[in-house]
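This report concerns only the one structure given below.
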Amino acid sequence: MIIVMNATATTEDIQAVVERLTERGFDIHKSTGAQHTVLGVVGGSVAVDARDYELLPGVGEVIRISEPYKLVGRLFRKEDTVIDVRGVKIGGNEIVLMAGPCSIESRSQIFESAKFVKEAGGKILRGGAFKPRSSPYSFQGMGIEGLKHMREAADEYGLIVISEIMDKSELPTALKYIDIIQVGARNMQNYTLLRELGNMPKPVLLKRGMSATIKELLMSAEYIMAGGNHEVMLCERGIRTFENYTRNTMDISAIPILKSLSHLPVIADPSHGTGIRDKVAPMARASVAAGADGLLIEAHQDPDNALSDGAQSLYPEQLNDLMKQLRIISQAVDRTIAPESQKVTVG
């Protein structure tokens, strides 16, 4: 249920409604928009009669929601959610680039990655420290040591850190080094982890599962938001189909659909969406044109010798070229993207 308060509702009016709902066992999630305060009502152990609330002072409208996702949907919040991470706004007018290697391989490698990401106009440094791989014999990442190197490199070049967490046991230590927690495709329906992230004071990027529907992605986001963490980003990273010319099938149509159903920022990952280096740029361009709020792209200074996902990683010069193209496309869709930075020195 959604309760929309009148524009003239006082703080006391809102608090009275909240207290009445709380007494009946409901959890209340408040969203304050430009004109109205909206109360998202979830849980509870008694039946809800909308008439009990429609006549309360300050209440404008009571809406029953048929969709199972309540906090994620546009009814709860009509305005786009903008997540501010250390001054970088995700979900606003600017399209944000998150780039870097699939895996953190060494201190020198992640420092060099941070340098070319910054020069390309990136705001966020990506890199995996805990790598969930299909084969147990593949490189599994550097763990916490890798995150320490990544934090150093990001701080040196004024970047934000995003990295994947695979298990809730990793959170206490990893949160010291990560600004944005990434939930990978394999963990999209790890509800134990999602519930834990609902209690975390950190933004979460939630990737769509390999065989997940859009509704299932939204329901996973609902798990996080129901716990109290409303700083969630949705990531389209391709789904598994019968097609085998690409690693996954990049579902560009999911971007405008998610934008219409949800107020949360939508990020596109064309690297995993295709798995082929020369297909990443076309899908990135299409994603921006389709309305993506950001791009998550794998880039490596020496992709041919990368320890993981080298085949889908861009060379630094390819990342630069792509950003030049995206600056043109972003203008065509009334968006902006960061300009290329001046050359910086490796720390």
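The values are calculated or read from the model by the stated rules, or taken from the named source; none is laboratory data. In this text the structure is predicted, and so the values were computed from the model without any measurement. Here Cβ is always computed from backbone atoms with ideal geometry, including for glycine, and neighbour counts include all displayed protein chains.
Structure summary
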quantity: Any hit, segment 299-315, residues being over 22 Å from residue 163 (Cα atoms) and either touching a residue at least 12 places away in the same chain (Cβ under 8 Å) or not in a helix (DSSP H, G or I) (or both); calculated: no
quantity: Where residue 50 falls short, out of the listed (1) more than 23 Å from the chain's Cα centre (by Cα); (2) within 18 Å of residue 262 (Cα to Cα); calculated: (2)
quantity: Which numbered condition residue 71 misses (of (1) touching a helix residue (DSSP H, G or I) at 6+ places or on another chain (Cβ under 8 Å); (2) at pLDDT below 95; (3) more than 25 Å from residue 219 (Cβ to Cβ)); calculated: (3)
quantity: Subset of segment 242-279 (residues that are hydrophobic (A, V, I, L, M, F, W, C) and touching a residue at least 40 places away in the same chain (Cβ under 8 Å)); calculated: 254, 257, 258, 261, 264, 267
quantity: Long-range neighbours under 6 Å by Cβ, at least six apart or interchain, first residue among the small types (Gly, Ala, Ser) within segment 83-95, second crowded, with 19+ Cβ neighbours inside 10 Å and assigned to a strand (DSSP E or B); calculated: 91/83
quantity: Residue count for segment 316-347, restricted to those that are of a type outside the set (A, V, I, L, M) and either outside the structural domain of residue 265 (by TED's automatic domain parsing) or not in a helix (DSSP H, G or I) (or both); calculated: 10
quantity: Of all residues in segment 128-140 being surrounded by fewer than 24 Cβ atoms within 10 Å (Cβ to Cβ) and under 20 Å from residue 174 (Cα atoms), the one that is modelled with the highest pLDDT; calculated: 130
quantity: Residues located in segment 93-127, provided they are surrounded by fewer than 19 Cβ atoms within 10 Å (Cβ to Cβ) and either out of contact with any strand residue (DSSP E or B) (no Cβ under 9 Å at 6 or more places or on another chain) or modelled with pLDDT under 95 (or both); calculated: 106, 107, 108, 111, 112, 119
quantity: Failed item, numbered, when residue 81 is tested on (1) part of a loop (DSSP other than H, G, I, E, B); (2) surrounded by fewer than 24 Cβ atoms within 10 Å (Cβ to Cβ); (3) touching a helix residue (DSSP H, G or I) at 6+ places or on another chain (Cβ under 9 Å); (4) not hydrophobic (A, V, I, L, M, F, W, C); calculated: (3)
quantity: Positions within segment 199-224 being more than 16 Å from residue 258 (Cα to Cα), touching a strand residue (DSSP E or B) at 6+ places or on another chain (Cβ under 8 Å) and surrounded by 19 or more Cβ atoms within 10 Å (Cβ to Cβ), in sequence order; calculated: 203, 204, 224
quantity: Among the residues listed as 275, 227, 198, the single one being more than 12 Å from the chain's Cα centre (by Cα), under 19 Å from residue 85 (Cα atoms) and of a type in the set (Gly, Ala, Ser); calculated: 198
quantity: Residues being among the hydroxyl-bearing types (Ser, Thr, Tyr) and within 13 Å of residue 29 (Cβ to Cβ) - total across segment 51-84; calculated: 2
quantity: Unmet requirement for residue 292, which otherwise passes all of (1) in contact (Cβ under 8 Å) with a residue 40 or more places away in the chain; (2) part of a helix (DSSP H, G or I); (3) touching a helix residue (DSSP H, G or I) at 6+ places or on another chain (Cβ under 7 Å); calculated: (2)
quantity: Selected residue (criterion: surrounded by the fewest Cβ atoms within 10 Å (Cβ to Cβ)) from residues of segment 171-198 that are touching a residue at least 40 places away in the same chain (Cβ under 8 Å) and more than 30 Å from residue 249 (Cβ to Cβ); calculated: 179
quantity: Residue tally, condition more than 22 Å from residue 112 (Cβ to Cβ) and of a type in the set (S, T, N, Q), over segment 265-312; calculated: 2
quantity: Filter result (assigned to a loop (DSSP other than H, G, I, E, B) and either in contact with a Phe, Trp or Tyr (Cβ under 7 Å, 6 or more places away or on another chain) or not small (Gly, Ala, Ser) (or both)) within segment 251-289; calculated: 251, 252, 263, 264, 265, 269, 276
quantity: Every residue from segment 59-73 that is surrounded by fewer than 15 Cβ atoms within 10 Å (Cβ to Cβ) and touching a Ser or Thr at 6+ places or on another chain (Cβ under 9 Å); calculated: none
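Matching residues to (1) within 16 Å of the chain's Cα centre (by Cα); (2) not aliphatic (A, V, I, L, M); (3) not assigned by TED's automatic domain parsing to the domain that holds residue 30:
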| site | (1), (2), (3) |
| --- | --- |
| 172 | no, yes, yes |
| 184 | yes, yes, yes |
| 192 | no, yes, yes |
| 202 | yes, yes, yes |
| 206 | yes, no, yes |
| 223 | yes, yes, yes |
| 237 | yes, yes, yes |
| 245 | no, yes, yes |
